[in-house]
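Q: One structure follows; several queries about it will come next.
The values are calculated or read from the model by the stated rules, or taken from the named source; none is laboratory data. In this text the structure is predicted, and so the values were computed from the model without any measurement. As a convention, Cβ positions derive from the backbone with ideal geometry for all residues, glycine included, and neighbour counts pool all protein chains shown.
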Amino acid sequence: MTLQTQGPVVLPALLLCDFGHLAHEVERLEAAGAAALHLDVMDGRFVPQLTYGQVVVEAVRRSAKVPLEVHLMIEEPERSLADYAKLGADIITIHIEALADPRPALRAIADLGSRAHLALNPETPLSRIEPYLDACDGVLVMSVEPGFGGQAFNPIALEKLSRLAELRRERGGSFRLGVDGGVSVETIGPVAAAGAELIVAGSAVIRSPDYGRAIAELEGLARQAA
Ligand code: DX5
Ligand code: ZN
């Protein structure tokens with residue numbers, strides 16, 4: 001499945017949803033118009049929190065009709081790429097901080113038939129990923145320290161997004177720009193204006209009583225600003 005978009009879209013992150021009613025949450029998010037879902041896999045080593053792995057991703061895949069982005073916040077991500085691809089992860093996002101050279105892992109994801117996205121933490125300079133942009137289907141700019149939902153947006157992400165959009169124009173690249181962390185009605189305009197197209201939103205959607213209204217409001221603000 002490919003995520004076709006025209007203009008910026010919101011990818012709800014499941015992290016803060018009710019995992020006791022996972023299929024129901026997936027259904028609610030799809031009914032709310034989610035273009036795709038963002039799944040945060042954390043191993044308690046690369047980041048302090050331990051969330052879930054293949055069993056839960058597989059359960060989401062079974063109930064979801066929309067594409068899935070699996071955000072791997074784990075050490076040695078190269079070891080589980082084939083498993084997540086086989087489960088039907090449409091986008092597999094790996095962290096530059098977890099790999100000395102991400103090129104083999106990016107190529108492996110592409111060979112497995114998924115989209116290869118590369119994420120970078122707020123303190124990681126853009127120069128660290130620049131050499132690999134040609135091998136990426138997308139870049140995920142972290143606007144919080146990965147590990148927890150509900151943190152405040154770090155504006156360093158705006159500079160990185162703008163610079164990446166510029167690099168893409170200069171080099172004629174085709175990678176997509178994503179952003180993850182602290183996105184809200186206050187911050188979504190600036191991230192869309194800076195070039196973000198795949199915009200992850202956890203608490204801004206899941207803590208709202210009406211997912212549909214939250215997604216529509218966020219996407220409306222993003223489109224106005226883009
Ligand atoms: C942070 C995760 C995010 C997080 C987003 O480690 O990668 O996807 O769930 O949640 P909010 O939007 O609440 O920052
Ligand atoms: Zn994430």
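Q: Scanning region 39-53 for residues that are surrounded by 15 or more Cβ atoms within 10 Å (Cβ to Cβ) and of a type in the set (D, E, K, R), which turns out nearest to ligand 1 (Cβ to nearest atom)?
A: 40
Q: Exactly one condition in (1) aliphatic (A, V, I, L, M); (2) out of contact with any strand residue (DSSP E or B) (no Cβ under 7 Å at 6 or more places or on another chain); (3) surrounded by fewer than 20 Cβ atoms within 10 Å (Cβ to Cβ) is false for residue 66; which is it?
A: (2)
Q: Exactly one of these conditions fails for residue 56: (1) β-branched (Val, Ile, Thr); (2) in a helix (DSSP H, G or I); (3) buried (at least 23 other Cβ atoms within 10 Å of the Cβ). Give me its number.
A: (3)
Q: Determine whether region 5-24 contains at least one residue that is away from ligand 1 (no atom under 14 Å from the Cβ), surrounded by 15 or more Cβ atoms within 10 Å (Cβ to Cβ) and assigned to a strand (DSSP E or B).
A: yes
Q: Every residue in region 172-226 that is without any contact (Cβ under 8 Å) to a residue 12 or more places away in the chain and among the aromatic types (Phe, Trp, Tyr), please.
A: Those that are without any contact (Cβ under 8 Å) to a residue 12 or more places away in the chain and among the aromatic types (Phe, Trp, Tyr): none in region 172-226.
Per-residue answers, yes or no, for (1) modelled with pLDDT of 95 or more; (2) farther than 19 Å from residue 178 by Cα; (3) within 14 Å of the chain's Cα centre (by Cα):
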| residue | (1), (2), (3) |
| --- | --- |
| 4 | no, no, no |
| 21 | yes, yes, no |
| 25 | yes, yes, no |
| 43 | yes, yes, no |
| 53 | yes, yes, no |
| 68 | yes, no, yes |
| 92 | yes, no, yes |
| 106 | yes, no, no |
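Q: Specify the residue that is surrounded by the most Cβ atoms within 10 Å (Cβ to Cβ); the eligible residues are those in region 81-103 that are over 25 Å from residue 66 (Cβ atoms) and more than 16 Å from ligand 2 (Cβ to nearest atom).
A: My answer is 102.
Q: Looking only at region 117-163, which residues are surrounded by 15 or more Cβ atoms within 10 Å (Cβ to Cβ), among the charged types (D, E, K, R) and not in a helix (DSSP H, G or I)?
A: The one that is surrounded by 15 or more Cβ atoms within 10 Å (Cβ to Cβ), among the charged types (D, E, K, R) and not in a helix (DSSP H, G or I): 137.
Q: Does residue 106 fit the bill of being part of a helix (DSSP H, G or I) and either among the polar types (S, T, N, Q) or surrounded by fewer than 21 Cβ atoms within 10 Å (Cβ to Cβ) (or both)? Break it down stepwise before answering.
A: Details: part of a helix (DSSP H, G or I): yes; either among the polar types (S, T, N, Q) or surrounded by fewer than 21 Cβ atoms within 10 Å (Cβ to Cβ) (or both): no.
Judged against the criteria, residue 106 is not a match.
Q: On to the next question. Give 130, 123, 145 a once-over and let me know the one that is charged (D, E, K, R) and within 15 Å of ligand 2 (Cβ to nearest atom).
A: Matching residue, one of 130, 123, 145: 145.
Q: Can you tell me which residues in region 167-205 are touching a strand residue (DSSP E or B) at 6+ places or on another chain (Cβ under 7 Å) and within 17 Å of residue 16 (Cβ to Cβ)?
A: Across region 167-205, the qualifying residues are 180, 181, 183, 199, 200, 201, 202, 205.
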